[in-house]
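Worksheet: the structure to be examined is printed underneath.
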Amino acid sequence: ERWIGVGILVGALLIRIFAAIFDMAPVDRLSFIVAMFGIFLLVGGLQCVRWAWPGICFLVFMFPLPSVLENSLLMHLQRVATVCSTLILQTLGIAAYRAGNVITLPGVVENLTVAEECSGLRMLTIFGAMSVAMIFLIDRPWWDKFIVLLSAVPIAVLSNVVRIVLTALL
């Protein structure tokens with residue numbers, strides 16, 4: 001089984017070289033994780049892989065999302081954050097209105113633009129990583145772990161909306 005680890009490591013490194021030559025960043029990043037799997041298999045065998053698989057899987061969070069997925073998520077999260085923030089401001093009695101990703105507030109000279117950086121994607125990534133870490137660490141039934149994983153999205157969106165609303169109020 002250790003020779004299988006050598007094969008996986010060599011294969012992952014060849015894929016990494018291929019991805020670097022043809023500028024395929026997502027493939028290059030994922031080949032690193034496969035290479036780490038090969039290293040653990042080479043060094044300690046299946047016993048070591050069983051011990052280290054949560055850490056190996058968690059390495060996914062150290063890489064940025066592929067551009068196609070990131071751009072798609074950015075647009076949706078940006079729109080959701082703008083719409084929800086505008087609704088909350090209106091609920092609080094402020095005559096705010098939305099045009100695209102811009103919130104116009106009465107009596108404010110400059111409009112509040114919810115830029116791509118304010119979409120909440122970083123918060124979603126952070127809460128996603130924390131949720132996955134909690135799933136690995138807590139000893140609960142599978143459905144509890146599933147609820148923890150699913151809660152990452154609304155918590156990230158809500159915290160981003162609160163941040164935008166507070167910025168608008170200030």
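Regarding residue 67, is this residue surrounded by fewer than 19 Cβ atoms within 10 Å (Cβ to Cβ) and of a type in the set (S, T, N, Q)?
Values: surrounded by fewer than 19 Cβ atoms within 10 Å (Cβ to Cβ): yes; of a type in the set (S, T, N, Q): yes.
The answer is yes for residue 67.
Using beta carbons and a limit of 7 Å, which pairs, at least six apart or on different chains, have the first residue in segment 76-101 and over 17 Å from residue 159 (Cα atoms) and the second one open to solvent by 60 Å² or more (accessible area, probe 1.4 Å) and in a helix (DSSP H, G or I)?
96/90; 101/79
Return the only residue of 162, 109, 153, 157 being closer than 21 Å to residue 78 by Cα, β-branched (Val, Ile, Thr) and either open to solvent by 90 Å² or more (accessible area, probe 1.4 Å) or touching a Cys at 6+ places or on another chain (Cβ under 9 Å) (or both). Talk me through it step by step, then tell me what you get.
On the way: 162 fails: either open to solvent by 90 Å² or more (accessible area, probe 1.4 Å) or touching a Cys at 6+ places or on another chain (Cβ under 9 Å) (or both); 109 fails: closer than 21 Å to residue 78 by Cα; 153 fails: either open to solvent by 90 Å² or more (accessible area, probe 1.4 Å) or touching a Cys at 6+ places or on another chain (Cβ under 9 Å) (or both).
Going through 162, 109, 153, 157 in turn, the sole match is 157.
Any residue at all in segment 5-12 that is within 25 Å of the chain's Cα centre (by Cα), crowded, with 16+ Cβ neighbours inside 10 Å and within 29 Å of residue 128 (Cβ to Cβ)? Lay out the reasoning, then the answer.
To start, the set of residues in segment 5-12 that are within 25 Å of the chain's Cα centre (by Cα) comprises 12.
With crowded, with 16+ Cβ neighbours inside 10 Å added as a condition, the list becomes 12.
Remaining after also requiring within 29 Å of residue 128 (Cβ to Cβ): 12.
Yes, because at least one residue in segment 5-12 is within 25 Å of the chain's Cα centre (by Cα), crowded, with 16+ Cβ neighbours inside 10 Å and within 29 Å of residue 128 (Cβ to Cβ).
Restricting the search to segment 114-149, which residues are in a helix (DSSP H, G or I), in contact (Cβ under 8 Å) with a residue 12 or more places away in the chain and more than 20 Å from residue 56 (Cα to Cα)? Walk me through how you get there before you give the answer.
Taking segment 114-149 first, the residues in a helix (DSSP H, G or I) are 116-118, 121-137, 142-149.
From the residues that got through so far, the ones that are in contact (Cβ under 8 Å) with a residue 12 or more places away in the chain too are 116, 118, 121, 123-136, 148-149.
If the condition is that a residue be in a helix (DSSP H, G or I), in contact (Cβ under 8 Å) with a residue 12 or more places away in the chain and more than 20 Å from residue 56 (Cα to Cα), then 116, 118, 121, 123, 124, 148 are the ones that fit.
Could you identify the single residue in 72, 31 that is in a helix (DSSP H, G or I), of a type outside the set (Val, Ile, Thr), out of contact with any strand residue (DSSP E or B) (no Cβ under 7 Å at 6 or more places or on another chain) and at pLDDT 90 or above? First the steps, then the outcome.
On the way: 72 fails: at pLDDT 90 or above.
None of the others qualify; the one that does is 31.
The values are calculated or read from the model by the stated rules, or taken from the named source; none is laboratory data. These numbers come from a predicted model, not from an experiment. A quick note on method: Cβ atoms are made from the backbone with ideal geometry, for glycine too, and the neighbour counts reach across all protein chains shown. Areas reflect the complete protein model, heavy atoms only, side chains present, ligands, DNA and RNA absent. Shrake-Rupley method; radii C 1.70, N 1.55, O 1.52, S 1.80 Å.
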